[in-house]
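Only one structure is covered here, and it is reproduced in the block below.
The values are calculated or read from the model by the stated rules, or taken from the named source; none is laboratory data. Owing to the predicted nature of the structure, the values given are computational and were not obtained by experimental measurement. As a convention, Cβ positions derive from the backbone with ideal geometry for all residues, glycine included, and neighbour counts pool all protein chains shown. Please note that ligands, DNA and RNA were not included when accessible areas were found on the heavy atoms of the full protein model with its side chains. Shrake-Rupley method; radii C 1.70, N 1.55, O 1.52, S 1.80 Å.
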Amino acid sequence: MTGAPSGNATVELRTISLPGYDVTVGRGALAMAGAIAATTTRAHHYAIVSDEHVAPLYAQRVRDAVARVLPDAKLTLLLVPAGEEHKTRELWAQLTDQLLASGAGRDTTVIALGGGVIGDLAGFVAATYMRGIPVVQLPTTLLAMVDASVGGKTAVDTPAGKNLVGAFHPPAAVIADPDTLGTLTLRELRAGFAEVVKHGVVADAVYFANVEAAVPRLAAERGAGDAALVEIVARSVEIKASVVAADERENGQRKILNFGHTLGHAIELVSGYRLLHGEAVAIGMALEARLAERLGIAAGGTAARVVAALEAAMLPATFPHRMDPRDVLEATRADKKARGGAVEYALPVRIGEMSAQAGRWSVAVPDEDVLAVLD
Ligand code: NAD
Ligand code: GLY
């Protein structure tokens, strides 16, 4: 942990390193955005991409932080409407055209200020603009802090499914300021706990137990400055960072981070995005843990603990009764994790350990087993 001056205050920051970039976590870290951008990307033009909810709250703070350190840099703010339904090729084209109209060259850095939707969309703009310009991720949701901003996956959705057009484009830096969680709705905060629970299941049983204990209180109030919440952000980032560092391009071990996501993405799509990403992933984890038990991969009781932790975070953990299981099964076929037509699942052996049978981190599952857990 280091203390760093920011304007007139000192903020306590924690740095978690991945190959090529650092994630800075700490209350007040947003004030360091200029200093961190200056040391990692020294651009002539910073284009802040944000949405209609986040920009009024935090964009000026980011502008000030950059202008303080880089007074000669050009600053622009590009706004998009909020929500998953806008993580599209159309918005990618609109942002790209706005950058071109502003005269942005390859000496431009994109600053993605918002939740995972902004991180994925602005990250994909940066990945493709003039064959790739840097992006600094400033996540403002719990989900984006612990997951979406770290690891370099960027994408937009298409009508056929989530994240089907995208690129690996690691950020130049990630700056996570848990104070920004104070303005998040409780529903969005709870959605972030789905990925937190996932990190415990896939990698760390002790962390899972700590999350289980802390989550009933944290999910009931917007404790932005809560020390336990800051610890959770930092530990989840450490877990994600260590997995990504071992396998950035998801050829092997990174597949464990997809626990809950094969069914989760399908359920999110079939819900017409009425379920939040974290809510759909929560249901997906509960069902995939049951699938793992059914297949004899997971120890008995694993699914019950996953469900209990999700319910403690006030997240849904059962298949939506209005949904048709066959629609969800069909939607899984568009998943990027499908190999040779077979849909693959990353499944737990027990809390803290994922299946790596025969050196593979995901398994093809017959349709009848999937339908059995959906029913
Ligand atoms: P989101 O980006 O839609 O943000 C949720 C809502 O909260 C939005 O309305 C937003 O405007 C608002 N908001 C954000 N920060 C706020 C703040 N501090 N105060 C007030 N309002 C705020 O949703 P999300 O859950 O952050 O991200 C979900 C997306 O992330 C999905 O598209 C998912 O596919 C993606 N994702 C990507 C990765 C990856 O590795 N790239 C990993 C996980 C999820
Ligand atoms: N959210 C899954 C991954 O980043 O690999």
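Here the range 254-375 has 51 percent of its accessible surface on carbon and sulfur atoms, given a 1.4 Å probe and all protein chains in place.
Each stretch of four or more DSSP H residues adds -39500 (n - 2.57); spread over every residue of the chain, this sum gives -13500 deg cm²/dmol at 222 nm. Computed across the range 42-144, the Kirkwood radius stands at 13.4 Å (inverse of mean 1/r, all Cα pairs).
Assuming a ≥ b ≥ c are the square roots of the Cα gyration tensor eigenvalues, decide whether the range 294-334 counts as rounded (a/c under 1.5), prolate (otherwise, with a/b larger than b/c) or oblate. Because a/c hits 1.5 or more and a/b fails to exceed b/c, the range 294-334 counts as oblate.
A 1.4 Å probe run over the range 150-232, with the rest of the protein chains in place, finds 31 Å² accessible per residue.
Here the range 33-164 exposes an accessible surface that is 55 percent carbon and sulfur, computed with a 1.4 Å probe and the other protein chains kept in place.
Let me know the charge dipole size of the chain about its Cα centre in debye, to the nearest 20, where only the beta-carbon of Lys, Arg (+1) and Asp, Glu (-1) is charged. If you can, show how the numbers build up before the last one.
Working: 35 positive and 42 negative charges, 118 e Å.
Here the size comes out at about 560 debye.
The fraction of all Cα pairs in the range 255-375 landing in successive 5 Å bins from 0 to the largest distance is 2, 13, 24, 27, 21, 11, 3, 0, given as whole percents. Among residues other than ALA104 with Cβ under 14 Å from its Cβ, the summed charge is +1 (Lys and Arg +1, Asp and Glu -1).
Would you tally the net charge around VAL206, using a Cβ to Cβ cut-off of less than 14 Å, leaving VAL206 out, and scoring K and R as +1, D and E as -1? Before the final figure, lay out each step's value.
Working: positive: ARG235, ARG305, ARG350; negative: ASP204, GLU212, GLU231, GLU238, GLU353.
Net local charge, VAL206 excluded: -2.
Calculated on the Cα set of the chain, radius of gyration then Dmax: 19.9, 62 Å.
Across the range 109-233, C-alpha contacts under 8 Å between residues 6 or more apart give a mean separation that, scaled by the residue count, equals a relative contact order of 23 percent.
Taking the centroid of alpha carbons for each part, the range 105-132 and the range 189-249 are 26 Å apart.
Computed over protein heavy atoms with a 1.4 Å probe, the accessible surface of the range 1-133 works out to 45 Å² per residue.
Which value in Å is the Kirkwood Rh of the range 132-247 over different Cα pairs? Provide the component values of the computation, followed by the final result.
Details: mean 1/r = 0.0672 Å⁻¹.
By the Kirkwood definition, the hydrodynamic radius is 14.9 Å.
Annotation: amide H of TYR273 has no partner in the under-5 Å range at sequence separation 5 or more or interchain, hydrogens built in the peptide plane.
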